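These notes are about the structure you will find just below.
The values are calculated or read from the model by the stated rules, or taken from the named source; none is laboratory data. Please read all numbers here as calculations on a predicted model, not as lab measurements. Cβ coordinates were reconstructed from backbone atoms using ideal geometry, including for glycine residues, and neighbour counts include every protein chain displayed.
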Amino acid sequence: MQDLYLNLQFITMKRSSIKVFQIGHNKCGTSSICQFFRKNGYSVIHTKKVTDGTIKKNLAKGDPFLKGLENWDIFTDSDYITREFALLEHLYPNAKFIYNIRPVNNWIKSRVSGQKSGLPWFRNRYGIKNNEDLRNFCWAEYLLHNDRVINHFIGKKSKKLLVFNIEEDKADKLVKFFPEFKFNKFKIFPKYNVSRRSRR
């Protein structure tokens, strides 16, 4: 049924001439970016289990990175895509990338509140013992990824990257960066899955 549902979506979806990859961290407006494109009629995959599960199988078999995901044009909220943006930039030279960001302190609050068990979840997964270690871990993770992205998209490659601050930038920044798309119905950047803590 899930495959049937996914395939039916493509009947009414507009298709893009390029691939678009969102490569910022989760809790940085990934759902909002997804809905911005969906509301304008484009095919977006925002199901991490499907995207990352498919990519994991492809890598294990030595198949093309996005095999089985060819019908999708915009990819959001994927750990594999966020990490492997440099490979995707090589494989899809015409692709564009959205590096969605927000103030680091706000991201850390939202990320921690996004885990039901809070600190215990991070302790079990990463061995983090206290809130200070958690904050330092998140800071390091954020800054490391930021350096990788900014240092990769330099020179001519910089034209492929849009740095989008979800708390400051407006939808028209997305519209201007994607002249290949027709944004007719939804030109206001939506706010989805905003946690109560991140509003403070």
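Residues in region 61-74 include at least one that is under 19 Å from PHE37 (Cβ atoms), touching a Phe, Trp or Tyr at 6+ places or on another chain (Cβ under 7 Å), crowded, with 19+ Cβ neighbours inside 10 Å and among the hydrophobic types (A, V, I, L, M, F, W, C). When the helices (runs of 4 or more DSSP H) confined to region 80-156 are screened for residues that are modelled with pLDDT under 90 and either out of contact with any Leu (no Cβ under 8 Å at 6 or more places or on another chain) or of a type in the set (Lys, Arg) (or both), those reaching at least 3 such residues are found at 104-113, 119-126, 131-152.
If you go through region 43-81 and keep only what is under 28 Å from LYS182 (Cα atoms), out of contact with any Asp or Glu (no Cβ under 6 Å at 6 or more places or on another chain) and of a type outside the set (A, V, I, L, M), you end up with THR47, THR51, PHE65, LYS67, GLY68, GLU70, ASN71, TRP72, ASP73, PHE75, THR76, ASP77. Pairs needed: first member in region 130-147, closer than 20 Å to THR82 by Cβ and hydroxyl-bearing (Ser, Thr, Tyr); second member anywhere, in a helix (DSSP H, G or I) and modelled with pLDDT under 95; C-beta distance under 6 Å; at least 6 residues apart or different chains. Filtered contacts from region 130-147: TYR142/VAL104.
Given the criteria polar (S, T, N, Q), crowded, with 16+ Cβ neighbours inside 10 Å and either within 18 Å of HIS145 (Cα to Cα) or in contact (Cβ under 8 Å) with a residue 40 or more places away in the chain (or both), does THR54 qualify? No.
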